[in-house]
Amino acid sequence: MADEVTKAQGAAPGGDTIFGKILRKEIPAKIIYEDDKCMAFHDVNPQAPTHFLVIPRKPISRLSEADDGDTELLGHLMVKAKQIAKDVGLTNGFRLVVNDGKDGAQSVYHLHIHVLGGRQMQWPPG
């Protein structure tokens, strides 16, 4: 986790991100779902036996910067996270995480939902 915090300290909003490149398929990713509003793919640095990300195609940099017009899209991301979790076998539960900004340890400034499962999660998370 310290690595993610270190990355977040150096990350800055604005410009193209690695997720934009994944959406355009300029770089490879283990994509597990996509539709006209979002994409889901396995995290390259998994923090649980199952760890994937759900991202919007719309370039929203942070959850705190989403506007009221994004309400339907944000709901779509949550519903797809739930459906994909079921599809990949997370029947005993899972955790959703959204990091927002520097203090939230956001390392990529493109909104994304982490879906983690496959083991007992601990509390508090951080």
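Pairs meeting the criteria (first residue in the stretch 104-126 and in a loop (DSSP other than H, G, I, E, B), second residue hydroxyl-bearing (Ser, Thr, Tyr), beta carbons under 8 Å, at least 6 apart or on different chains) are VAL108/THR17; TYR109/THR17; TYR109/SER61; HIS110/THR17; HIS110/SER61; LEU111/SER61; GLY118/THR50. For the stretch 31-78, filtering for residues that are assigned to a helix (DSSP H, G or I), closer than 19 Å to TYR109 by Cβ and of a type in the set (Gly, Ala, Ser) leaves 1.
Consider the stretch 33-45 and keep the residues that are in contact (Cβ under 8 Å) with a residue 24 or more places away in the chain and surrounded by fewer than 16 Cβ atoms within 10 Å (Cβ to Cβ). The one that is nearest to GLY117 (Cα to Cα) is ASN45.
Applying the criterion of being under 29 Å from ARG24 (Cβ atoms) and polar (S, T, N, Q) to the residues of the stretch 80-126, the residue that is surrounded by the fewest Cβ atoms within 10 Å (Cβ to Cβ) is GLN83. On inspection, VAL97 fails the criterion of being of a type outside the set (Phe, Trp, Tyr) and in contact with a helix residue (DSSP H, G or I) (Cβ under 6 Å, 6 or more places away or on another chain).
Can you find even one residue in the stretch 8-30 that is modelled with pLDDT of 95 or more, in contact with a Phe, Trp or Tyr (Cβ under 8 Å, 6 or more places away or on another chain), surrounded by fewer than 16 Cβ atoms within 10 Å (Cβ to Cβ) and not in a helix (DSSP H, G or I)? So far as the stretch 8-30 goes, yes, one or more of its residues are modelled with pLDDT of 95 or more, in contact with a Phe, Trp or Tyr (Cβ under 8 Å, 6 or more places away or on another chain), surrounded by fewer than 16 Cβ atoms within 10 Å (Cβ to Cβ) and not in a helix (DSSP H, G or I).
The values are calculated or read from the model by the stated rules, or taken from the named source; none is laboratory data. Note that the structure is a prediction, hence the values are computed from the model and not measured. Note: ideal-geometry Cβ built from the backbone for every residue, glycine included; neighbour counts use all protein chains shown.
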